[in-house]
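Data first, discussion second: the structure below is written as structure tokens.
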Amino acid sequence: MLTDQELLRYSRQILLQPVDIDGQLRLKQSRALIVGLGGLGAPVALYLAAAGVGELHLADFDTVDLTNLQRQIIHDTDSVGQTKVDSAMGRLRAINPEVTLVAHRAALDADSLAAAVNAVDLVLDCSDNFSTREAVNAACVAAGKPLVSGAAIRLEGQLSVFDPRRADSPCYHCLYGHGSDTELTCSEAGVVGPLVGVVGSLQALEALKLLAGFGEPLVGRLLLIDALTTRFRELRVKRDPGCSVCGAKHG
Ligand SMILES: [Zn+2]
């Protein structure tokens, strides 16, 4: 059940017919893993905590650096030198003490990543490198957990949702398995803050839809955002039957 305080806190989204009290209860009973508490993970964590997702599992092995603060808005000047997980937890507790926070402060290897993915209902990939993205995708396919994947570099953003519970859904590897030029990280190539804010906010939105059970998720579609011209484009993406990660799973 929801308390009077919760009904009040979440009243503006409960007012929405597709959410309603049932959707809010589903959020309260949901657990989400956020991989990376940088530019994408910041708005993801802030919005999911504010919206009342019951458990947020936070994974990042890094500490806050002065160069992060231009875009990683969950951290502030006083948190420089702190672990990103502890810095984020302080801010999230201040926003919404109702949310349970689970910390992963060490780098996740294959086993601990599999366990972390198995412990939640949905995963948000907010990491900044290809090898982490591939590992997170493989763990999500193996566990049958939906993955909300976002990326932003320079002035370009990308977003898609991969849902192994659906036979028609591609996985991250179907799309990017042949390698891409996204191997560059923001620290090497640069990025503007509001762009990671846009991509991260859309990731949070997709997660809320999937967890509360409303709307049409961005499955089988890749959203491309060009910050320079403010243009959004959408590409259809299909599952690769020969994909080495999800191909065998669906036969
Ligand atoms: Zn695949």
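A few comments on the model shown:
- Total formal charge among the other residues, if their Cβ is under 14 angstrom from that of Lys84, Lys/Arg +1 and Asp/Glu -1: -4
- Considering only segment 19-236, percent of DSSP beta bridges that pair antiparallel, nearest 5: 50
- Residues Ile14, Ile95, sorted so that the one with the fewest Cβ neighbours within 10 Å comes first: Ile95, Ile14
- By the beta-carbon count within 10 Å of each Cβ, the least crowded to most crowded order of Asp109, Asp226, Asp60, fewest first, is Asp109, Asp226, Asp60.
- GNM result for the chain, Cα springs below 10 Å: residue of Gly177, Gly144, Gly23 fluctuating most strongly: Gly177
- Of all the options Val80, Val148, Val161, the one that moves most in a Gaussian network model of the chain with Cα springs shorter than 10 angstrom is Val80.
Bear in mind that the values in this text are calculations on the coordinates, not laboratory data. Nothing here was measured: the structure is a model prediction, and the numbers come from that model. Because the Cβ atoms are built from the backbone with ideal geometry, glycine has one as well, and the counts that use them run over all protein chains shown.
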